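What follows is one structure encoded as structure tokens, with my remarks underneath.
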Amino acid sequence: MKLARLSLLLLVAACGCSSGGGDYALPTDLCGIKASPDSLRSLLPPGEIEQEKLNLNTTEPIVYSCRIQVDQVAAIAITVRAFSDPMVFDLMESYRAAPSAYNIWSPYEDVIGGQDAILDSGGSFVRTSCPMEGEIEVLEINVRNYVAESETAEGRERMKDFTAAFMASAKEEFGC
């Protein structure tokens, strides 16, 4: 009888550790930009998190690129581009030109932080004004969530919350 209770307790304890959003170490920044642990936890499965800031040797206007892996599997990639033109192209026009580049398969138009955005459970794409050194510039943020299992309203909300928190931190980091 005691062995059965002990086995049941161990089983319950093991199940509690692996439930979604379990306790695991979360970074407080993503490749140098402050991250909201709560919004990050809602996107990532439990596991060992590694991050890599990607080399920006490119002719594109990329100012930040970060890849996050969980247990050595690609989980999230974030790219930030900066433009000096206030609105380079319409957001939906940019998305339609290369939809697979944004990891958004069921585009849903929404507003994030007062800015028009396109998102689904697997990604988000938003542009926000960023006046820097007297010039009006634009930050374009694309979050790609490779571990999203399906498209749901709840998944879109998690992506929206994460993107809003990241956008606020990115604007602070770039001095907007």
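The values are calculated or read from the model by the stated rules, or taken from the named source; none is laboratory data. Only a predicted model underlies this, so the values are computations on that prediction, with no experimental measurement involved. Please note: Cβ atoms are built from the backbone with ideal geometry, for glycine as well, and neighbour counts cover all protein chains shown. Please note that ligands, DNA and RNA were not included when accessible areas were found on the heavy atoms of the full protein model with its side chains. Shrake-Rupley method; radii C 1.70, N 1.55, O 1.52, S 1.80 Å.
Annotations
- The residues neighbouring Gln69, those whose beta-carbon lies less than 12 Å from its own, together hold a net charge of -3 under the Lys/Arg +1, Asp/Glu -1 convention.
- The apolar share of the surface of the range 30-170, taken as the fraction of accessible area on carbon and sulfur atoms (1.4 Å probe, ligands and nucleic acids excluded), comes to 48 percent.
- Dipole orientation for the range 36-176: of the candidates Pro131, Ala165, Ser150, Ser150 has the Cα lying most toward the positive pole (charges on Cβ; Lys, Arg +1; Asp, Glu -1).
- Given a 1.4 Å probe and the protein chains as shown, Lys34 ends up with an accessible area of around 110 Å².
- Computed magnitude of the charge dipole of the range 27-176 (debye, nearest 20; Cβ of K, R +1, Cβ of D, E -1): 160 debye
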